[in-house]
1. Output the number of the condition that Thr382 fails; it satisfies all remaining conditions of (1) within 16 Å of Phe253 (Cβ to Cβ); (2) among the polar types (S, T, N, Q); (3) at pLDDT below 90.
2. I'm trying to understand the selection: among the residues of segment 276-318, which are more than 25 Å from Asp233 (Cβ to Cβ) and assigned to a strand (DSSP E or B)?
3. Just checking, how many residues over segment 196-221 are under 24 Å from Ile128 (Cβ atoms) and not in a helix (DSSP H, G or I)?
4. Scan the strands (runs of 3 or more DSSP E) fully inside segment 1-88 and keep the ones with 1 or more residues being within 30 Å of the chain's Cα centre (by Cα) and aliphatic (A, V, I, L, M).
5. Val68: closer than 18 Å to Gly144 by Cβ, touching a Phe, Trp or Tyr at 6+ places or on another chain (Cβ under 9 Å), free of Cβ contacts under 8 Å to residues at least 40 places away in the same chain and of a type outside the set (Asp, Glu), yes or no?
6. Go through the residues of segment 148-159 one by one and say whether even a single one is on the phi > 0 side of the Ramachandran plot and either outside the structural domain of Gln21 (by TED's automatic domain parsing) or in contact with an Asp or Glu (Cβ under 9 Å, 6 or more places away or on another chain) (or both).
7. Does Glu257 satisfy being touching a Leu at 6+ places or on another chain (Cβ under 8 Å) and under 23 Å from Gln127 (Cα atoms)?
8. Which of (1) closer than 18 Å to Ile128 by Cα; (2) surrounded by fewer than 18 Cβ atoms within 10 Å (Cβ to Cβ) does Thr250 not meet, given it meets every other one?
Amino acid sequence: MKPMNKTVNYKAGDLVLESGQFGKGFCILKSGILEVKKGSTVITEISSGGAIFGEMSEILGKPRYVDVYAKTESSVLQVGKPIEDIATTNPEITIKLIKTLARRLEDTTAKLAYDLSEEVLDEKKKQIKVLIVEDQVNVADTIGQKLAHTGWDFTFARSSERAIEYCGRDQFNTIIISMGLPNEGAFSLRRALRSMKKSESTPMIALVITGDNEISNKARQYGFNRQVNKPLDYLELESNIYQAMGKNPTERFFRIEENTSICTLPEEIPEFIFESFMDHMEDHIRGAVNQGLSRIIIDCSEIIQADLKSADIIHNFVKDSEKLKMNCVVVCKLDAVPNWKGFEKIKSLEFLTDLQEALSKPLSESSAEPNTDPTPAPSAETNSENSEKSSEESSEG
C-alpha cells in the first residue's frame with residue numbers, strides 16, 4: 001500500500017515535528033508560520049508557502065535535531081513517500097529539494113562566518129548557559145521569556161533522557177530541574193548528571209511546588225544547591241540562578257555609558273535585591289574605579305514610590321563613592337525630588353532630573369554633594385508636623 005500524503009492543520013503552539021524522532025518523507029508548508037526551536041531558543045521561522053522542511057532526517061538517516069512548532073494557525077502537507085522514490089519519479093520536486101538544501105547551506109555558511117568572528121566568539125565565551133529540565137512546556141517557555149532581559153542562553157529539555165543528552169554535548173552554568181518530573185525522575189537525573197564530566201560540579205536548582213515539604217526535604221538531602229517554589233516568582237528565580245553561580249544578582253542593573261557606570265534602580269526593590277546591593281555596593285564602586293570610569297550615576301527614575309530601602313541604597317552609594325574618591329550623581333524624576341528629600345539621610349543631596357544632563361555635566365559640577373543652602377530641606381516628619389499645624393490654624397481661623 002502506497003504511503004498517503006495528508007494535510008494536517010495545527011493551532012498556534014502545536015508541535016509539528018519533534019526532535020529525537022526519525023522521519024520519513026518531508027513536509028510542505030501550505031499556510032501559516034512555523035518556528036524551528038532548539039530547546040526554548042528559536043533558531044528560525046518558516047513562513048513562505050510551499051517551503052519544504054523535515055527532509056533531513058531521512059536523507060541523513062538520523063533523528064531530528066530540532067523541534068518545529070506552529071507559531072500561528074498553520075496548514076502542513078505531510079508527504080509520506082520515501083525521498084528515494086520521489087527522486088526517481090518526480091524530478092521537479094527533487095530540484096526543489098536541492099535548491100532548498102543549497103539555500104540552507106548558504107545561510108549556514110554566512111552564519112558560521114559571523115559566529116566565528118573574534119568579537120562574537122568572545123561574547124559567547126561570556127554568555128551564561130542555563131538548562132531547564134521541565135516536562136511542562138509552558139513553564140519552561142515562560143521562564144525563558146521572563147528572563148530574556150538577562151541575555152542568558154536557555155536550553156529546554158522535556159525529559160531526563162534529553163537533559164543527559166544535552167549535558168553530554170555542552171557545559172551549562174546552571175541546571176534547573178522540576179521536582180514534578182514523572183516517577184520522581186529529578187533525583188535519578190541529578191545522580192546521572194553528577195556522574196558526567198561536564199555537569200559534575202554544575203549548580204542545580206530544584207523547582208518545588210509550594211507546600212510539598214516531603215519533596216523539598218528530599219531535594220535538600222540530595223544536595224540541590226537551591227530551591228525555588230512554584231508558582232514562580234521570576235525575580236526570585238533570577239536571583240537564585242545568580243547566587244547558585246556565585247554571581248551578584250544586582251549586576252544586571254548596571255551598564256557603562258560615556259565612561260560612566262550607570263545603576264538604574266528597579267521599579268520595586270525586593271528584600272534580597274536590597275541586601276545584594278548593600279553587600280556588593282563597595283565592590284561595584286571599586287570595579288568602576290579599577291576600569292578607569294569617571295563617575296557613577298544612580299538613576300531612580302523608574303522607582304514607583306520613594307521608600308526607605310531605596311533611600312538607604314542612595315545614601316550608601318554616595319557615602320562609599322566619596323570614600324573611594326569616585327564622583328557620584330543621583331538622578332530622579334522632577335516631581336519625585338520632594339519625596340526623596342523627605343528622607344533624613346539624603347535630604348541634603350543634589351538631585352538631577354535628567355540622565356542626559358547628568359552625563360553631559362562636567363565632573364566638578366555633577367557630584368551629589370550636599371547643597372550649600374543653609375536652610376535644610378524639610379524631612380518627611382517635619383512635612384507632617386507642618387501639615388498638622390496648617391490644619392489647626394485653618395480650623396481656628
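The values are calculated or read from the model by the stated rules, or taken from the named source; none is laboratory data. Just so you know, these numbers come straight off a predicted model, no measurement behind them. As a convention, Cβ positions derive from the backbone with ideal geometry for all residues, glycine included, and neighbour counts pool all protein chains shown.
1. Among (1) within 16 Å of Phe253 (Cβ to Cβ); (2) among the polar types (S, T, N, Q); (3) at pLDDT below 90, the lone unmet condition for Thr382 is (1).
2. Across segment 276-318, the qualifying residues are Arg295, Ile296, Ile297, Ile298.
3. The qualifying residues number 10.
4. 15-17, 34-38, 41-46, 67-70
5. In short, no.
6. Applying the first criterion (on the phi > 0 side of the Ramachandran plot) to segment 148-159 yields 151.
Subsequent filtering for residues that are either outside the structural domain of Gln21 (by TED's automatic domain parsing) or in contact with an Asp or Glu (Cβ under 9 Å, 6 or more places away or on another chain) (or both) retains 151.
Yes - at least one qualifying residue is present in segment 148-159.
7. Values: touching a Leu at 6+ places or on another chain (Cβ under 8 Å): yes; under 23 Å from Gln127 (Cα atoms): yes.
It is true that Glu257 is touching a Leu at 6+ places or on another chain (Cβ under 8 Å) and under 23 Å from Gln127 (Cα atoms).
8. Here Thr250 meets the rest and fails (2).
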